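The values are calculated or read from the model by the stated rules, or taken from the named source; none is laboratory data. Just so you know, these numbers come straight off a predicted model, no measurement behind them. Please note: Cβ atoms are built from the backbone with ideal geometry, for glycine as well, and neighbour counts cover all protein chains shown. What goes into the accessible areas is simple: the full protein's heavy atoms, side chains included, and nothing from ligands, DNA or RNA. Shrake-Rupley method; radii C 1.70, N 1.55, O 1.52, S 1.80 Å.
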Amino acid sequence: EVRKKSLENSDIFSVFDLINYFPYKYYDFSKTEPYADDGNVRLIKALVIDNPKIVKARANLSFVTCKVNDETGHTFNAVWFNQAFIKSVIYLGQTIFLYGKNSPKKKNTFNVLLMKSEDKLTNFGLLPVYHSISGVGQATISDTINKSLEMLNISSIIPNDILSKYNILNLHDSYNIIHNPSSYEEYIK
């Protein structure tokens, strides 16, 4: 009910509204950055070097933390708030892409907003980033949109013969590319 209210506050009342909640930017998986304590949002490619642990901060707040190395070999703590399930999907030696920014309070700590495992990626295209919705994380927005696109059969109003003749993508493929482009070139077309 809380998540539903948050979505409605962002003008998302239906599956149609959800699939039309387009990313406002993309990060290129081939253009990662090293860790830095500068407060900037970034995409980091990291290697898990310690088993993740769940820490209970308060009765209603827990977080998962684990030590990782960025591509330069710098070691830092990756932190996921209120996402206990993360502990079961991260393992020692795994390569992961972390989207987020450093903690304003703890040095050498990276607050993860979205994570992708290298072994789960089918292509190393672009990572879509959506405007924040209170109480709904980036991963939930992305996963829900992708599940909706899998279940929907979106028909174009333009007949298939005209789409083919003028080399125009059908509507369903267009939505998939907007939410999961494999490259900037694909996105632009």
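Tabulated results
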{"read-out": "Cα centroid separation - segment 1-21 against segment 111-189, whole Å", "value": "17"}
{"read-out": "Most to least packed among 160-173, 39-52 [average Cβ atoms within 10 Å]", "value": "39-52, 160-173"}
{"read-out": "About the Cα centre, charge dipole magnitude for the chain (Lys/Arg +1, Asp/Glu -1 at Cβ), debye", "value": "860"}
{"read-out": "Measure of compaction for segment 111-162 (Cα Rg per 2.2 N^0.38 Å)", "value": "1.52"}
{"read-out": "Cα-based radius of gyration of the chain once divided by 2.2 N^0.38 Å, which approximates compact folds", "value": "1.15"}
{"read-out": "Share of carbon and sulfur in the accessible heavy-atom surface of the chain [1.4 Å probe, %]", "value": "54"}
{"read-out": "Cleavage-rule hits (trypsin sites (Lys or Arg not before Pro)) in segment 1-39: DSSP loop, at most 12 neighbouring Cβ within 10 angstrom", "value": "Lys31"}
{"read-out": "For segment 66-162, share of DSSP beta bridges that run antiparallel, in % to the nearest 5", "value": "80"}
{"read-out": "Among Lys116, Lys53, Lys105, residue whose mean-square fluctuation peaks in a GNM of the chain (springs only between Cα atoms under 10 Å)", "value": "Lys105"}
{"read-out": "Cα convex hull of segment 129-188, projected area averaged across orientations, nm²", "value": "5.1"}
{"read-out": "Sorted largest first, extent of segment 22-111 alpha carbons per principal axis (Å)", "value": "37, 30, 28"}
{"read-out": "Accessible surface, per residue, of segment 98-186 when the full set of protein chains is kept, probe 1.4 Å, Å²", "value": "60"}
{"read-out": "Under 22 Å from the Cα of Lys45 - lysines, other chains or at least 8 residues apart", "value": "Lys25, Lys31, Lys53, Lys67, Lys87, Lys101, Lys106, Lys107, Lys116, Lys120"}
{"read-out": "Mean residue ellipticity (222 nm) of the chain, computed from DSSP H runs ≥ 4 via -39,500 (n - 2.57), nearest 500", "value": "-7000 deg cm²/dmol"}
{"read-out": "Percent RCO, i.e. relative contact order, over the chain, from Cα pairs under 8 Å lying at least 6 residues apart", "value": "22"}
